[in-house]
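> Shown below is the structure under consideration.
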Amino acid sequence: MLKHAPLFALLIAAPLAAQPAPATPTANTGLEYIRSHYTKFDYRIPMRDGVKLFTSVYVPKDSSKPYPFMMQRTPYSVAPYGVDNYPARLGPSDLFRDEGFIFVYQDVRGRYLSEGKFVDVPPHKASGVDDATDTYDTIDWLVKNVRNNNGNVGVWGISYPGFYAAYTLIGSHPALKAVSPQAPMGDVGNGDDAYHNGAFYLAANFGFYVGFKQQEAPERPRRAQNFDFEYGTADAYEYFLRMGPLANSVPILKSEFWNDILRHDTYDDYWQSRALAPHMKNVKPATLWVGGWFDAEDLSGPLKLFRATEKSGPTAPDTLVMGPFLHGGWARTGGTKLGNLDFGAPPSDYYKKEIEFPFFMLHLKGKKVDAFPKAWVYETGTNEWKKFSAWPPANATQRSLYFDGDGKLSFDQPTASGADEYISDPARPVPVTGEIGAGMPGDYMTYDQRFASRRSDVLVYQTAVLDHDVTIAGPLTPSLRVATSGTDSDFDVKLVDVYPDDFPDPQPNPKGVHMGGYQQLVRGEPFRGKFRNGMDKPEAFQPNTPAKIEYVMPDVCHTFRAGHRIMVQVQSSWFPLTDRNPQKFVDIPKAKASDFQKATERVYRGGADGSALKVYVIQ
């Protein structure tokens, strides 16, 4: 039996890499530098309800000047534990370590050495104790008890720690001056991690909750349990297909967190109470929202929270940063390539030096830097960082890419009406990749989609060869008119960049990649059809009766170069990225194998109400 959990979990556990990690005092320059320049203190900081949170603080040994705090709160452990044990890195990057800050790492309530009860994706409470008050109490204690601080606090975090960073913006402490929520979970019930428009992100969540368990009392980390889980195959597609209906996963995982997710498969009060966007009001600290265009987990979080902050009117500067990164990829070192894409220069180096470090230097140490734009995003296709005074850009106009006969796609509305159809079979779902491997590889968003476009259960529409560059910047909105022979179906839409047939292969080319005709996934998003009239109101389809589906996909900033084509693919499964829809109106987490059925899916085109993909085009 193969033990293959790391393949399935992949970057869902990547935030661990952003934490101080245990290290041995070998030839580790970072470790030795930190040991010689910082003194470590461990505290158990009391909260207003008496619960004590374990907190490690690293104070510069040079006491000739005061320092601001850089803090991260995490459910993934602040290891290494003990005042004589030091990590190999401090802060978001070595630029911070070398500059000098007071670094603070805290186990959140109920995790590892902190007391209390942990709540997965905790809701904000209008009164009482929650992570907003925990952060407030922690900051209040730090500025009063840690020597040689300048009274300014910055907070950052990636993924789950990014969620806690965003949480600090609710009723923030006056000393909190700068916050950077990076890949934060803005709305786990609709857009991040768990559910996307009603479709459950199966492989990623399964891989995560195999090892993420509730703890009964404070304890140090044990060996990750997910490394002991026996999948029995390296092929996630095969594993989850054999597992069968979602109900079969419950006795496998034995996780109260997993069970909670399956119990709440609509956007009910459980999820609505956990969304952070409604609480991004009157934000006082300067905020740097950070995300990755290729983030397989929390792409929509920074976009949604940035928009919520803008709508309510922040009282301090806020900036959206989106780069060509995987989940947390901006925190890693160097590298010009992602999957089969090559950006020419290391985008993470630019981000660290030109964006992240100056942001905190400005707001925590008062160093003058160039003014920050409202949006600082990387334009894929041309592979350039761009600054915008608004997002979407002020010069971007919404236009429609219309589906037409013979697989054509055009900005011109077709006059002739028609329909295209395919048979969707849950026993043979469309895979997320054309390769054997993880169910949600971290770079699946860069994968060649030719394997999908050649299937009979995937509709393909593409433009003629472009005679000029076309830049699309902002959210995408599929507007579909569909019908199904079943009573429920998914409709997944993908925007694809089709390369010219003579596009050169990379050199060197150890994987033998053929870039001629490459179909690069630019953005894709599922939609569970029964939620077409409201995410909290599932409604069955009337078989073979046309219905309207319209939903918003996460933003892009991509230039389709002259000589390329724009393609849209439509399908009804994306496995095991998302769970299978039985194509029968049932409670899917409780569905039986006998509930799964084939369905004929129809997509209507042309006329006044034909299907299209609405995009923002920069003029």
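The values are calculated or read from the model by the stated rules, or taken from the named source; none is laboratory data. Quantities reported herein were computed from a predicted structural model and do not represent experimental measurements. Note that we place each Cβ from the backbone using ideal geometry, even for glycine, and neighbour counts take in every protein chain shown.
> Going by what's in this entry, would Asn205 be described as part of a loop (DSSP other than H, G, I, E, B), under 22 Å from the mean Cα position of the chain (by Cα) and of a type outside the set (Ser, Thr, Tyr)?
Details: part of a loop (DSSP other than H, G, I, E, B): no; under 22 Å from the mean Cα position of the chain (by Cα): yes; of a type outside the set (Ser, Thr, Tyr): yes.
It is false that Asn205 is part of a loop (DSSP other than H, G, I, E, B), under 22 Å from the mean Cα position of the chain (by Cα) and of a type outside the set (Ser, Thr, Tyr).
> Given the conditions (1) of a type outside the set (Asp, Glu); (2) modelled with pLDDT of 95 or more; (3) over 28 Å from Asp579 (Cβ atoms), which single one is not true for Pro510?
Pro510 satisfies all of (1) of a type outside the set (Asp, Glu); (2) modelled with pLDDT of 95 or more; (3) over 28 Å from Asp579 (Cβ atoms) except (2).
> Here's a follow-up. Looking at Gly344, Gly334, which one is more than 28 Å from Asn395 (Cβ to Cβ) and part of a loop (DSSP other than H, G, I, E, B)?
Gly334
> Which members of the stretch 372-388 meet the condition of being buried (at least 19 other Cβ atoms within 10 Å of the Cβ) and not in a strand (DSSP E or B)?
Gly381
> Can you list residue pairs whose Cβ atoms sit under 6 Å apart, with the first residue in the stretch 586-597 being under 18 Å from Pro251 (Cβ atoms) and the second being small (Gly, Ala, Ser) and part of a helix (DSSP H, G or I)? Count only pairs 6 or more apart in sequence or on different chains.
Listed pairs, sorted by first residue: Lys590/Ala247.
> Applying the selection to the stretch 493-537, what residues are touching a Phe, Trp or Tyr at 6+ places or on another chain (Cβ under 7 Å), within 30 Å of Asp193 (Cβ to Cβ) and among the small types (Gly, Ala, Ser)?
Gly529
> Same structure again: Does the stretch 267-293 hold any residues that are touching a strand residue (DSSP E or B) at 6+ places or on another chain (Cβ under 9 Å), within 30 Å of Val586 (Cβ to Cβ) and in a loop (DSSP other than H, G, I, E, B), and which are they?
The one that is touching a strand residue (DSSP E or B) at 6+ places or on another chain (Cβ under 9 Å), within 30 Å of Val586 (Cβ to Cβ) and in a loop (DSSP other than H, G, I, E, B): Tyr267.
> A further question on this structure: Of everything in the stretch 359-405, what is of a type in the set (D, E, K, R), more than 26 Å from the chain's Cα centre (by Cα) and within 27 Å of Leu521 (Cβ to Cβ)? Give them in sequence order.
Arg399, Asp404
> Scan the stretch 570-616 for residues that are over 27 Å from Thr266 (Cβ atoms) and under 24 Å from the mean Cα position of the chain (by Cα) and jot them down.
Result: Val615, Tyr616.
> Which numbered condition trips up Thr26, out of (1) modelled with pLDDT of 95 or more; (2) outside any helix (DSSP H, G or I)?
So Thr26 meets the others, but not (1).
> Output the residue which, of all residues in the stretch 29-54 that are modelled with pLDDT of 95 or more and of a type in the set (Ser, Thr, Tyr), is surrounded by the most Cβ atoms within 10 Å (Cβ to Cβ).
Checked the stretch 29-54; the qualifying residue surrounded by the most Cβ atoms within 10 Å (Cβ to Cβ) is Tyr38.
> Next up: What number of residues in the stretch 318-342 are at pLDDT 95 or above and either among the acidic types (Asp, Glu) or surrounded by fewer than 18 Cβ atoms within 10 Å (Cβ to Cβ) (or both)?
Total meeting the criteria: 1.
> Looking for whichever is in a loop (DSSP other than H, G, I, E, B) and not hydroxyl-bearing (Ser, Thr, Tyr) here; the options are Phe359, Phe325. Which one fits?
The unique qualifying residue is Phe325.
> Now a separate question. Would you check which residues across the stretch 98-127 are closer than 20 Å to His279 by Cβ and surrounded by 22 or more Cβ atoms within 10 Å (Cβ to Cβ) and list them?
The answer is Val108, Arg109, Val121.
> Would you say Ala296 is in a loop (DSSP other than H, G, I, E, B) and either among the small types (Gly, Ala, Ser) or under 30 Å from Leu176 (Cα atoms) (or both)?
So Ala296 fits the description; yes.
> I've got another one for you. Restricting attention to the stretch 538-571, report how many residues are closer than 20 Å to Asp192 by Cα and of a type in the set (Gly, Ala, Ser).
Final tally of qualifying residues: 0.
> With respect to Pro302, is the statement that it is modelled with pLDDT of 95 or more, of a type outside the set (Val, Ile, Thr) and out of contact with any helix residue (DSSP H, G or I) (no Cβ under 7 Å at 6 or more places or on another chain) true?
yes
> Return yes or no: is Lys353 surrounded by fewer than 17 Cβ atoms within 10 Å (Cβ to Cβ) and either in contact with a helix residue (DSSP H, G or I) (Cβ under 6 Å, 6 or more places away or on another chain) or within 25 Å of Lys281 (Cβ to Cβ) (or both)? Explain how you work it out, then say what you get.
Details: surrounded by fewer than 17 Cβ atoms within 10 Å (Cβ to Cβ): yes; either in contact with a helix residue (DSSP H, G or I) (Cβ under 6 Å, 6 or more places away or on another chain) or within 25 Å of Lys281 (Cβ to Cβ) (or both): no.
Against the criterion (surrounded by fewer than 17 Cβ atoms within 10 Å (Cβ to Cβ) and either in contact with a helix residue (DSSP H, G or I) (Cβ under 6 Å, 6 or more places away or on another chain) or within 25 Å of Lys281 (Cβ to Cβ) (or both)), Lys353 does not qualify.
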